[in-house]
Amino acid sequence: MPPRPELGPKPRLGYAENRLERAAERRRDGAALDALLSGAKAGAYVMGGDWIVAKKGAPLSDPLFTLAEARGLSDATETVFLGHLDEAGRFGFGITPAAAEALKTRDELLVTDLRSIAVQGLVDPEHLPPIAEAKAVLHWHAKHRFCPNCGSPTQSVDGGWRRDCAHCKTQHFPRTDPVVIMLVIDGDNCLLGRSPRFAATMWSCLAGFIEPGESFEDAVHRETREEAGIVCGRVNYFRSQPWPFPSSLMIGCHAEALSRDIVVDREELEDARWFSKDEVVTMLMRQHPDGLTTPPPVAIAHHIIRAWVEDDVRFD
């Protein structure tokens, strides 16, 4: 068998490797936060709902505004402290979705969604992790204006990392929803599936939310069996990725298949089938004869699949 083509340098995983020092100890220190807010190098990421605002540029747009620039765009619904980069404060500046939409008329601004920014490489990749952080926390604030315990209004405290209910004294914290995403492997073949939401040509890893009281290994076993009827054995952790749509953590895994017969859950998947390693190489390289593809490099699924193709997976 001829050697497989080289896939080139490994791309960077989107939304990961955040360079900010989150500095949780400063969230409760009002004076420290005020100093970071007023610092000459302070910056803010401006967003409203799913819309991210940036200053147009070539070849890259700039999503980081000064606080004065951010306040000049719209009033903030919420401001959250993201951390600092070399003592330069970084903040998420939330505005209403309608206000963000209105900014589309300004020629000097780019207003688009985070997926487009990441997939199309519209900003420096260094900005993606703090934008993801800001988007997830601001989304949580938008959905937790009232206490789920008693229904009273809540107030943002600790730099935006907690909401307190004055009535019942309950404290509420931002949530992250864990998701397993796994490539099921049988020798030189892997299992890929298609969601109805995918682009017409794309096949990817199976995935599903971890349920309460469940380990990620157990979730891999359950989700693979439920969605595709495949029984799995050993599970290896690969790496994780923040996924701010709205606030998940993708836990990447490789799993050993113990069965081959696929039974697709049509409520979850449009289809699922086995792919050979050579066929997956053509999909990664965008050279498949039928135009089939894998997810783009911004997604952890791409990296999970590529690690297997490059023989970088061993079950302990």
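The values are calculated or read from the model by the stated rules, or taken from the named source; none is laboratory data. None of the values given here were measured: they were computed from a predicted structure. All Cβ positions, even for glycine, are placed from backbone atoms using ideal geometry, and neighbour counts span all protein chains on display.
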Checking R306, R286, R239, R260 in turn, the sole residue that is over 18 Å from P196 (Cα atoms), touching a His at 6+ places or on another chain (Cβ under 9 Å) and among the charged types (D, E, K, R) turns out to be R239
Within the stretch 158-178, residues being in contact (Cβ under 8 Å) with a residue 60 or more places away in the chain, under 28 Å from A31 (Cβ atoms) and either among the hydrophobic types (A, V, I, L, M, F, W, C) or surrounded by fewer than 16 Cβ atoms within 10 Å (Cβ to Cβ) (or both) number 1
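Just need a number here: residues in the stretch 58-84 that are closer than 18 Å to V119 by Cβ and either crowded, with 21+ Cβ neighbours inside 10 Å or without any contact (Cβ under 8 Å) to a residue 40 or more places away in the chain (or both).
If we filter the stretch 58-84 for residues that are closer than 18 Å to V119 by Cβ, which is where we start, we get 59-61, 63.
Of the ones still in play, those that are also either crowded, with 21+ Cβ neighbours inside 10 Å or without any contact (Cβ under 8 Å) to a residue 40 or more places away in the chain (or both) are 59, 63.
Summing the residues that are closer than 18 Å to V119 by Cβ and either crowded, with 21+ Cβ neighbours inside 10 Å or without any contact (Cβ under 8 Å) to a residue 40 or more places away in the chain (or both) in the stretch 58-84 gives 2.
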Residue hits (the stretch 90-110; surrounded by fewer than 22 Cβ atoms within 10 Å (Cβ to Cβ) and either within 16 Å of the chain's Cα centre (by Cα) or within 27 Å of I300 (Cβ to Cβ) (or both)) are L110
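Can you say whether R194 is touching a Ser or Thr at 6+ places or on another chain (Cβ under 8 Å), within 23 Å of G83 (Cβ to Cβ) and not assigned by TED's automatic domain parsing to the domain that holds L85, as far as the supplied structure shows? Working first, answer last.
Working: touching a Ser or Thr at 6+ places or on another chain (Cβ under 8 Å): yes; within 23 Å of G83 (Cβ to Cβ): no; not assigned by TED's automatic domain parsing to the domain that holds L85: yes.
So R194 does not fit the description; no.
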For the stretch 265-290, pairs from a residue that is at positive phi to a residue that is among the hydroxyl-bearing types (S, T, Y), with Cβ under 8 Å and 6 or more apart or across chains, are R286/T293
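Can you pull out every residue in the stretch 40-60 that is assigned to a loop (DSSP other than H, G, I, E, B) and hydrophobic (A, V, I, L, M, F, W, C)?
The initial filter retains those residues of the stretch 40-60 that are assigned to a loop (DSSP other than H, G, I, E, B), namely 40-42, 49-50, 56-60.
A40, A42, A58, L60, listed by residue number.
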- If we scan the stretch 127-146, do we find a residue that is farther than 20 Å from P244 by Cβ and of a type outside the set (D, E, K, R)? yes
Exactly one of D34, D29, D50 is in the same structural domain as E87 (by TED's automatic domain parsing), under 19 Å from the mean Cα position of the chain (by Cα) and of a type outside the set (F, W, Y), and that one is D50
